[in-house]
Structure formats: C-alpha cells, structure tokens
C-alpha cells in the first residue's frame, strides 16, 4: 500500500517511525486486523471517531517521499472505534496514525489483585501448578515483584485465555500501566509482535503498547 499525503507524528519516543494521515478505514477493513477483543459494553458514538486518531501498526517498506508498507495493518489503539466504523458502515476518511510495528514496545496490560494474595496463589497453583521454579519456554504470572511459572502453560494464547477467566471470576481487574494503586499488581508474560495474527484475537486488555501519542 502507498500513502502520499502524510506528516510526521509526535510520539513519546522520537526514535520510533510514526506518521499521521487520513484513511477510509471502512474501505480498508479487509487488511486491518484487531489484535485484541473489545469490551461487551462498547459506548462509542459517532462523535468519538474524531476525538483521537486510530493507531495502526504496519510493516514499512519506504518512509521517504511516500509511505509504502505491506497490505497488513494491526490496530494498536482504537479497537472500539474501528468496530463502530464497521458496524455502522462509516464510509469516509478519518484521522489515523501509521507506526512501525517492529519498533513499538508491547507490555502486558497490568491488573490489580481483587482478592488476598494467598487466595490468588492457591487458585493458580491448583489450576496450573504455578511455582517460583522457572521452566524452559514456560509462561509466567508476576505478582508484584515475584514471578510464578508453570510447565502446563507453554502457549501465550492459553495464558491470556486464562487471564480472561481470572478477570471474569473477579480475581483481577485491568488497570492502566501508568496508574498507581495500593493493591498488588499482576502481570502476565508479554505478547510479542510475532504473536499477532490475522486469524486470532487476544482477550480484552491484553497489551499496553508504547510509545503513547500526543494530540
């Protein structure tokens, strides 16, 4: 894909290649892929579409006189707005940011613990035998500064499906990574770019992606 009308976008990390432009996201829906689910309580309205640009991660091939990249764009921010665009057939150009997906940093979206730590530990030990013993290629759950590993969970998708179960059962609740809380913080092994897929979507609030964007 080639874009000729664009300008440099400001980010919290100036070393990351990012550009602002306008795109008809509805017409491009077949090459735009969400990487995580949306909340069942989507309160997006038409007015919210112009509040902030949708951020799309792309694999750039050229960023000089024109932008060229693979016909494969992943939503990094704006999943609910994109869903609204598709469901309501919003067929017009909207602000978007294109960012080099290979330069972004992906962290686990943090959660705060809603139950006592010993109750949570008992739960994850009974379910998957988590312990402080590290296994090769094993996934982990981190409670504050301590990591717990399981040789029964070796797949990132299964780990995040388990996170979704723990959220639904009210053991944990997502909290933005830049917000402090007096409760214990729970983190999961981070998803990487290689885990993104055209055919698989991670659960809601799986990732915290930086850099963040200025308006």
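Across region 90-101, the qualifying residues are those that are in contact with a helix residue (DSSP H, G or I) (Cβ under 8 Å, 6 or more places away or on another chain) and not in a strand (DSSP E or B), and the one among them that is nearest to residue 187 (Cα to Cα) is 101. In the condition set (1) over 14 Å from the mean Cα position of the chain (by Cα); (2) within 30 Å of residue 188 (Cα to Cα), residue 76 is compliant with all but (1).
Tallying residues that are in a loop (DSSP other than H, G, I, E, B) and in contact with a strand residue (DSSP E or B) (Cβ under 7 Å, 6 or more places away or on another chain) within region 160-195 yields 9. Residues of region 102-133 that are assigned to a loop (DSSP other than H, G, I, E, B) and farther than 25 Å from residue 177 by Cα: 129, 133. Taken as a whole, the condition of being surrounded by 11 or more Cβ atoms within 10 Å (Cβ to Cβ) and in contact with a helix residue (DSSP H, G or I) (Cβ under 6 Å, 6 or more places away or on another chain) applies to residue 25.
I'd like the full set of residues that are within 18 Å of residue 116 (Cβ to Cβ) and surrounded by 15 or more Cβ atoms within 10 Å (Cβ to Cβ), limited to region 164-182.
As a first pass, look at region 164-182 and keep what is within 18 Å of residue 116 (Cβ to Cβ): 166-167, 169-173, 175, 181-182.
Listed by number, the residues that qualify are 166, 167, 171, 172, 173, 175.
Of note, residue 198 satisfies the criterion of being farther than 23 Å from residue 122 by Cα and touching a strand residue (DSSP E or B) at 6+ places or on another chain (Cβ under 7 Å).
Between 23, 98, the distinction of being over 21 Å from residue 207 (Cβ atoms) and not assigned by TED's automatic domain parsing to the domain that holds residue 194 belongs to 23 only. Checking each residue in region 44-89 for being in a helix (DSSP H, G or I), free of Cβ contacts under 8 Å to residues at least 40 places away in the same chain and farther than 15 Å from residue 24 by Cα picks out 47, 48. Every condition in (1) surrounded by 14 or more Cβ atoms within 10 Å (Cβ to Cβ); (2) in contact with a helix residue (DSSP H, G or I) (Cβ under 9 Å, 6 or more places away or on another chain); (3) under 30 Å from residue 139 (Cβ atoms) holds for residue 39 except the one numbered (1).
Yes or no, residue by residue, for (1) farther than 26 Å from residue 38 by Cα; (2) at pLDDT below 95:
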position	(1), (2)
122	yes, no
135	yes, yes
141	no, no
147	yes, no
151	yes, yes
154	no, yes
165	no, no
169	no, no
175	no, no
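The values are calculated or read from the model by the stated rules, or taken from the named source; none is laboratory data. The shown structure was predicted, so the numbers you read here are calculated from the model rather than taken from an experiment. Here Cβ is always computed from backbone atoms with ideal geometry, including for glycine, and neighbour counts include all displayed protein chains.
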